[in-house]
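Novice: Could you have a look at this structure, given as structure tokens, before my questions?
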Amino acid sequence: MKRIFSGVQPTGNLHLGNYLGAIRNWVKLQDEFDCLYCIVDLHAVTVWRKPEELTANTREVAAGLLAAGLDGKRNIIFNQSQVPGHSELAWIFNCVARLGWLNRMTQFKEKAGKNKENASVGLFAYPNLMAADILLYKATHVPVGEDQKQHLELARDIAQKFNNDFGVDFFPEVEPLIFGTATRVMSLRDGTKKMSKSDPSDYSRINMTDNADAIAKKIRKAKTDPQSLPANVEKFDARPEAANLMGLYAALSETSIEDVCNRFGGGEFSAFKKQLADLAVAKLVPIGERMRRLMEDPAEVDRVLAQGGRRARQLAEPTLKEIQDVVGFLRP
């Protein structure tokens, strides 16, 4: 079976954008692929984190994945730091990748901003660790958003250079899986900005742990414009809030945006919001309830992660030994 690797940062406060943009798609993939889903806590410490927050956030993300429908027995669900091979292979890739390649990574420029000289080496070399995450398991496919395509292309370059440098056909060519439906869920307060946990207004996002009242209230208060709902997608121009809310309905109902326009176009936002709220509550509240129960049982979450870590190590260790032999490392 083809193998998927995908990772998620333990940043906490999972929201609707995380669910529609990634987690829901991962649930679907478990029927078609051999899947590894990794909470990338090594990536998380490329910027400083309070240790207790990192621990809590790792458990929260794991609870969210399980509550959304990922099966810890069918998939390998683990946190990255449980598998030392990620760090060892990342160092080898640090010696394979070129500085010029990393200098072209736009995400580093965005995250470092004007304080580039104060950014950690880990943040700069982040894409090499991402390549190690994927290639340690010889993954064939990686679900990525548009913002991660450049990193995946770098992983392919690193794999190719490793193969060429050592005269081997060892690492596979990894293919991206890009999901177009609602991969960019926008703020409920500003349709031009992505939904984000860092927004100071809790009304800008729907959290995965929100109850029915909170979800309905946030949708009622979502920003709109004075016009009626667009009758087709061509009329979304300059109407980001309408595009966002109708896109959310399409994603949650798993229908096309054209169908949503045909059904609600020309209507008023107030009536549409009621329909959207009912749909969001029906889809999200059961997930939120399961997630809260799991967060109240950290021992169960830790058990799933420990089991996933053992399985990931068993999968990674033979590959890492082959890599050590290819590079020329002496080992017992």
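Bear in mind that the values in this text are calculations on the coordinates, not laboratory data. Computed from a predicted structure; not experimentally measured. Note: ideal-geometry Cβ built from the backbone for every residue, glycine included; neighbour counts use all protein chains shown.
Novice: Based solely on its DSSP helices, what 222 nm [θ] is calculated for the chain when runs of n ≥ 4 H residues each add -39,500 (n - 2.57) and the sum is averaged over all residues, nearest 500 deg cm²/dmol? Write down the numbers at each step before the final one.
Specialist: Details: 14 runs with 170 residues, N = 332.
Rounded to the nearest 500, the figure is -16000 deg cm²/dmol.
Novice: Using 23 Å as the Cα-Cα cut-off, could you pick out the over-long pairs in Lys197/Lys223; Lys28/Lys111; Lys50/Lys193; Lys114/Lys223?
Specialist: Details: Lys197/Lys223 18 Å; Lys28/Lys111 31 Å; Lys50/Lys193 27 Å; Lys114/Lys223 32 Å.
Long pairs (Cα-Cα over 23 Å): Lys28/Lys111; Lys50/Lys193; Lys114/Lys223.
Novice: Filter the trypsin sites (Lys or Arg not before Pro) in the stretch 23-82 down to the DSSP loop ones having no more than 11 other Cβ atoms within 10 Å, then list what survives.
Specialist: Working: sites: Arg24, Lys28, Arg49, Arg59, Lys73, Arg74; in loops: Arg49, Lys73, Arg74.
Passing sites in the stretch 23-82 are Lys73, Arg74.
Novice: What is the Cα coordinate range of the chain on the first, second and third principal axes, sorted by size from largest, in whole angstrom?
Specialist: On the principal axes, the chain reaches 70, 43, 41 Å in Cα extent.
Novice: How big is the gap, in Å, between the Cα center of the stretch 150-174 and the Cα center of the stretch 27-45?
Specialist: Between the Cα centre of the stretch 150-174 and that of the stretch 27-45, the gap is 21 Å.
Novice: Give me the distance in nm between label points sitting 7 Å out from Cα along the Cα-to-Cβ direction at Glu289 and Ala271, one decimal.
Specialist: So the label points at Glu289 and Ala271 sit 3.1 nm apart.
Novice: Under the classification rounded if a/c is under 1.5, otherwise prolate if a/b is larger than b/c and oblate if not, where does the stretch 84-190 fall, given a ≥ b ≥ c as square roots of the Cα gyration tensor eigenvalues?
Specialist: On the way: a/c = 2.29, a/b = 1.29, b/c = 1.77.
Note, shape of the stretch 84-190 comes out oblate.
Novice: For the stretch 272-332, treating each Cα as an identical point scatterer without solvent, what Debye log10 I(q)/I(0) comes out at q = 0.28 1/Å?
Specialist: -1.04
Novice: Here is a further query. Among all helices in the chain defined by DSSP H, which have a length of 15 Å or more along the axis from Cα atoms plus a Kyte-Doolittle mean of at least 1.0?
Specialist: Details: long enough: 51-68 (26 Å, 0.15); 149-166 (26 Å, -1.04); 240-253 (19 Å, 0.67); 269-295 (36 Å, 0.23); 298-327 (41 Å, -0.49).
In the chain, no H run is both long and hydrophobic enough.
Novice: So, in nm, how far is label Phe166 from label Gln107 when the simple model puts each one 7 Å beyond its Cα toward the Cβ?
Specialist: Taking the two extended label points, one gets 2.4 nm.
Novice: How would Arg98, Arg331 line up from fewest to most surrounding beta-carbon atoms within 10 angstrom? Display every interim value, and only then the final one.
Specialist: On the way: Arg98 11, Arg331 7.
Lowest to highest Cβ neighbour count: Arg331, Arg98.
Novice: Separate question: Give, rounded to the nearest 20 debye, the magnitude of the charge dipole that the chain has about its Cα centre when Lys and Arg contribute +1 at Cβ and Asp and Glu contribute -1 at Cβ.
Specialist: Numbers: 45 positive and 42 negative charges, 111 e Å.
The calculation lands at about 540 debye.
Novice: Could you state, as a whole-number percent, how many of the C-alpha pairs of the stretch 202-293 are farther apart than 21 Å? Can you show the working numbers first?
Specialist: Numbers: 1238 of 4186 pairs.
Tail of the P(r) past 21 Å holds 30 percent of the pairs.
Novice: Using per-residue counts of other Cβ atoms within 10 Å, averaged over each peptide, order 63-69, 150-156 from highest down. Walk me through the numbers before you get to the answer.
Specialist: On the way: 63-69: 22.4, 150-156: 19.4.
Going from most to least packed, we get 63-69, 150-156.
Novice: Out of the stretch 155-250, which GluC sites (Glu not before Pro) are coil in DSSP terms and have no more than 16 other C-beta atoms within 10 Å? Could the numbers behind the result be given before it?
Specialist: Numbers: sites: Glu173, Glu234, Glu241; in loops: Glu173.
Answer in residue order: Glu173.
Novice: Can you sort Trp91, Trp101 so the residue with the fewest Cβ neighbours within 10 Å comes first? Mind dumping the intermediate values first?
Specialist: On the way: Trp91 13, Trp101 16.
Lowest count first: Trp91, Trp101.
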